[in-house]
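Taking it in order: structure first as structure tokens, then the write-up.
Values in this text are rule-based calculations from the coordinates and carry no lab data. It should be emphasised that the depicted structure is a prediction, and the values quoted were computed from it without experimental measurement. No Cβ is skipped: glycine too gets one built from the backbone with ideal geometry, and neighbour counts run over all protein chains shown.
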Amino acid sequence: MVSALNFARLGRLSLALLLGLFCLAFYLPLSSKAVNNIFYIGLAVPMLLWLLARPRALVELRPFAWLFGLLALMVALDAGDPAGLKKALYLMLFFVACLFLSARYWALHAPLLLFALCSLGLLLFALTDWLWIWTHSGQWIRYGRFLGESLNPVYFSLLLGFALLYLWLFHIAERLQQRSTWLMLLGLFVLSVLLVLCASIFQSRSTLLGYAVFFAGFLLYKRLFLLGLVLGLGLLLLAVLSGVDDLLLQRGLSYRLDIWQAALQRWLGECSLWWGCGNDGALLLGHFHHPHSGYLAMLYRNGLVGALLFLIFALLYLRYARSPGAPWLLLSLFGWGSLLTTTNGVLTSPQPLWIYFWLPTFMAIIAGQPQALQRYLQRRDQALRS
């Protein structure tokens, strides 16, 4: 039994390292297949074997049955072909990886802290390079290359924003508040400046939108809404005086309103009201492959049925992400807010969305039901002793 426990510790350490690698892989010039293989081989397969090793203990995961059931239903409705159904399995195994690592605090937080610190370094590097380019060209560019390869500036910015907010919530905010509320507000101001810079460098309004939702949720949670409102107005004034608002509006609304209108018109006029348009490859406005809104995409692709399922998921999520999971719930608001203007839904194979949306969402659910996790692990230990 001792050797089995040592093996479990080694497995948890290995999985923690692989989670950190998986998070960082989205910054690297790797193909989607390479990133997917890190997840499949490093996280999915070990978690599947871990579950199957003690099948009788699975009954203790009943409190999470609603999550597994809704994921399966939403993916079954969304999948364009039988192969697409595997996305439900991937998401469930990613949830199990979060469950497995959350049993030990640093098994989960060590790789996330490493990811966050590396992200902070990347942001400072991008800021320095961005300013250097401006001094030589006189233009504020949209930063779009890293390590000699082009990048998706929106996803890159969202990953950086998630990392900054993780550092704030789990390693900075409480320490500052214990010393002084005003010191915490000063820290929040610095955090806000960093998020605005991040959004400006990559010209990602989705990052700002996600942060605005987080900012409001954080202030309400801390009951500092009036002071936070003053802070927010001060940030807005600073943005106007520094010209950041003009920089972020250089690309206008990026055709978002036109794309959304075209998606709704096609759904109402050419597709099923109840089942949506599916993944038919149609080009909106003759150019765009999807509605550029996670919420609208659920309606466009899967109709009222899909939108209703996602609404039920969101409501149950808010119900089960109770006070023990409050930091994760607050962190997840960033991802939920960013969905307003980006992505083609949330039911995907491994993508950056998994880090800034699914990971905090899954962790809020797990942290909100600590007894379920404890019972499952105890049941596994009893099976091991017998």
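Assorted remarks:
- Protection proxy ranking of 181-193, 210-222, 29-41, by the mean of other Cβ atoms within 10 Å over each peptide's residues and highest first, is 210-222, 181-193, 29-41.
- Gain on full stretching of the segment that runs from V193 to N152 - 0.36 nm per residue minus C-alpha separation: 12.6 nm
- Counting only Cβ charges, +1 for Lys and Arg and -1 for Asp and Glu, the dipole size of the stretch 128-243 around its Cα centre is about 240 debye.
- In range of the label at R319: residues from the stretch 352-375 whose backbone nitrogen is under 16 Å from the point 7 Å along Cα→Cβ: 365-366, 368-369
- Rounded to the nearest 20 debye, the dipole magnitude of the stretch 65-175 is 120 debye, with +1 charges on Lys and Arg beta carbons, -1 on Asp and Glu beta carbons, and the Cα centre as origin.
- Estimated vicinal HN-Hα couplings, Hz - the stretch 364-379 in sequence order (Karplus 6.51, -1.76, 1.60; Gly, Pro = x): 5, 5, 5, 5, x, 10, x, 5, 5, 5, 5, 5, 5, 5, 5, 5
- Cα lying deepest toward the dipole's positive end in the chain, options G11, F156, S338, charges on Cβ: G11
- Projecting the Cα atoms of G306, P46, C118 onto the charge dipole of the chain, computed from C-beta unit charges around the Cα centre, puts P46 farthest toward the positive end.
- Among 82-90, 161-169, 346-354, sorting by the average number of other beta carbon atoms lying within 10 angstrom of each residue, highest first, gives 161-169, 346-354, 82-90.
- Scanning residues 5 or more positions from F146 or on other chains, those with amide H under 5 Å from its amide H are L151, with H placed 1.01 Å from N in the peptide plane.
- Sites A34 and L226, calculated FRET efficiency, Cβ-Cβ separation with R0 45 Å, nearest 0.05: 0.40
- Think of it as helices only: each DSSP H run of n ≥ 4 in the chain is worth -39500 (n - 2.57), and spread over all residues that comes to -23000 deg cm²/dmol at 222 nm.
- Percent of Cα-Cα distances greater than 19 Å, calculated over the stretch 22-102: 46
- Remark: C-alpha extents of the stretch 119-164 on the principal axes read 30, 19, 16 Å, sorted largest to smallest.
- Relative frequency of Cα-Cα separations exceeding 14 Å in the stretch 84-142, percent: 72
- Given in Å, the Rg to one decimal and the Dmax to the nearest whole number for the Cα atoms of the chain are 21.5, 71.
- The distance between label points at Q139 and L236 comes to 3.2 nm (points 7 Å beyond Cα on the Cα→Cβ vector).
- Cα pair distances in the stretch 256-386, grouped into 10 Å bins until the bin that holds the longest one, percent each: 12, 34, 27, 16, 7, 3, 0
- Net charge dipole, the chain: roughly 1280 debye, given to the nearest 20, about the Cα centre with Cβ charges of +1 for Lys and Arg and -1 for Asp and Glu.
- One way to sum up the overall shape of the stretch 137-250 is the equivalent ellipsoid from its Cα gyration tensor, whose semi-axes run 27, 17, 11 Å, largest first.
- Amide proton proximity set for G276, modelled H, under 5 Å, gap of 5+: G303, L304
- Our coupling estimate for the stretch 308-316, obtained by passing each phi through the Karplus curve with A = 6.51, B = -1.76, C = 1.60 and θ = phi - 60°, is 5, 4, 5, 5, 4, 4, 5, 5, 5 Hz, Gly and Pro reported as x.
- Peptides ranked, highest mean first, by Cβ atoms within 10 Å: ranges 57-65, 172-180: 57-65, 172-180
- Positive-pole candidate from L195, G80, F357, dipole of the chain, charges at beta carbon: F357
- Compared with the direct C-alpha span, the chain from A72 to L124 gains 14.7 nm at full extension, assuming 0.36 nm per residue.
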